[in-house]
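Below you'll find the structure, written out as structure tokens, and then a few comments.
The numbers here are math on the coordinates, done by the rules we state, and not lab data. If you're wondering where the values come from, they're calculated on a predicted model, not measured in any experiment. Please note: Cβ atoms are built from the backbone with ideal geometry, for glycine as well, and neighbour counts cover all protein chains shown.
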Amino acid sequence: MNNYNLCFATAFYHSEGEAPNIKKSADIQKKFDVYYQCIVVMFASLRRFYKEDRMVIFSDALLPNEYQDFLKYLHVETIVLEKKDIIYVNDLRIQNKFPGCLFTLDVFNYVASSKFNNDIDLFCLLDSDCIMSHKLAKYPEDLIEKNLIGGIEINYENDHIVNGQSKNTLHKIYNKLFSKETNIDNFKYFGGEMYMIPSKMIKNISDDVEFIFDYLTHQDKLKDNNEFTEEHILTLAFNKNEVYLTDNIIKRIWTADVHTNIDGTEKQYAIFHLPAEKKYFFQNMFMSLKLNKNAFFKISDDEYNEMVYKPVYNRINPTLIRRVKIIIKNTGIFFKTSLKKIITK
């Protein structure tokens, strides 16, 4: 592989709202701790495979000393954006259930408009609840040499609403926005857990985001539905550009007792996105690192893979206690749904 300069990053904005995939905590600091621990674990997994590449956390403030010390040990830079660089996330005309998610757009804008972009060939932004199982092989090299964007397509039904928008609604906006008459079969919905963008393309994406955001915040229909996440806005931007789909690179894996999409093919993916494991798997992995900062580095590949695969294995082969819990939860959901149907008749 050519000696390209990769940058792995994550974005974290300190917002007081409640994220859907985190149960309500007693206080805001406990919620932040959950995310801080995910951030440390994610970077530790990346550093196991990418020992020399640049790693950065973008935030609106420094993390507490305990976590900053971990990041320094892992050679992860912390870039705190100044108030003048934080635009999208503070725009109250756009609402969503994921507090701080629009900070991702501010990060792209910062990277595109600063000297930061001069020193890298590929920018990879990941959700903090991701963990790397093995290296990415030739995928980054292909993106750089072909000047293509890397994205993960989520195959939702056209009318399936995800946090306020569906493929149908986004497709209609896309056609109006760019004066096109595209077929919805050619329109893709992109997940927000990973964005890989060659440095030459970052300014294009940032400009597209600015154009899209300006349109969304000035259209009359916004008063009827102003619910957009960074995933929606970047889906619109990515459809305007040529995207190289992340086949076998990353998978959004649901491990919750009431919902799972595990199919036994998970080991082929280089990155696991585990939204339901923030307070379980990631917390346990952080405690391992707290006991030994080299916990991810001083073990064999087989030992590491067994550790990373644990949340998937536990869902495929649940203990007797967990099986009972799953039955109870699913039974409760069935009765709640049935009762609601009876009441609404």
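Only Cα pairs under 8 Å and 6+ residues apart enter the sum, and on that basis the relative contact order of the chain stands at 21 percent. Counting alpha carbon pairs within less than 8 Å and at least 6 residues apart, what relative contact order, in whole percent, applies to region 53-190? Relative contact order here is 15 percent. With 31 Å as the limit, the listed pairs Lys115/Lys172; Lys31/Lys84; Lys176/Lys279; Lys31/Lys200; Lys146/Lys290; Lys135/Lys278 have Lys115/Lys172; Lys176/Lys279; Lys31/Lys200; Lys146/Lys290 beyond it between alpha carbons. Diffusion of region 27-166 by Stokes-Einstein, at 10 °C in a medium of 1.306 mPa s and with Rh set to the Kirkwood radius over alpha-carbon pairs, works out to 92 µm²/s.
Over all pairs of different C-alpha atoms in region 152-242, the reciprocal of the mean inverse distance, the Kirkwood hydrodynamic radius, equals 13.5 Å.
Compute the Rg to Rh ratio over the chain from the alpha carbon atoms, using the Kirkwood formula for Rh, and round to two decimal places.
Details: Rg = 20.4 Å, Rh = 21.3 Å.
Radius of gyration relative to Kirkwood radius: 0.96.
Over the chain, DSSP H runs of length four or greater, each weighted -39,500 (n - 2.57), average out per residue to a 222 nm ellipticity of -13000 deg cm²/dmol. For the chain, a simple Cβ point-charge model (Lys and Arg +1, Asp and Glu -1, everything else neutral) yields a dipole of about 1360 debye relative to the Cα centre.
With the gyration tensor restricted to C-alpha atoms of region 236-304, the semi-axes of the equivalent ellipsoid amount to 28, 17, 14 Å, longest first.
Largest GNM mean-square fluctuation among Thr217, Thr78, Thr235, using the chain with Cα springs under 10 Å: Thr217. Bridging of Lys298 to aspartates and glutamates at a Cα separation below 19 Å is possible for Glu52, Glu306, once same-chain residues fewer than 8 apart are set aside.
Give the distance, in whole Å, between the Cα centre of region 135-151 and the Cα centre of region 285-312. Rounded to whole Å, the Cα centres lie 27 Å apart.
When the alpha carbon gyration tensor of region 156-301 is reduced to an equivalent ellipsoid, the three semi-axes, largest first, read 34, 18, 16 Å.
Its Cα gyration tensor gives region 110-180 an equivalent ellipsoid; the semi-axes, largest first and in whole Å, are 29, 19, 14.
Please report, in debye to the nearest 20, how large the charge dipole of region 155-284 is about its Cα centre when each Lys and Arg carries +1 at its beta carbon and each Asp and Glu carries -1 there. My answer is approximately 160 debye. Principal axis analysis of the Cα atoms in region 3-107 yields extents of 43, 30, 22 Å, listed in decreasing size.
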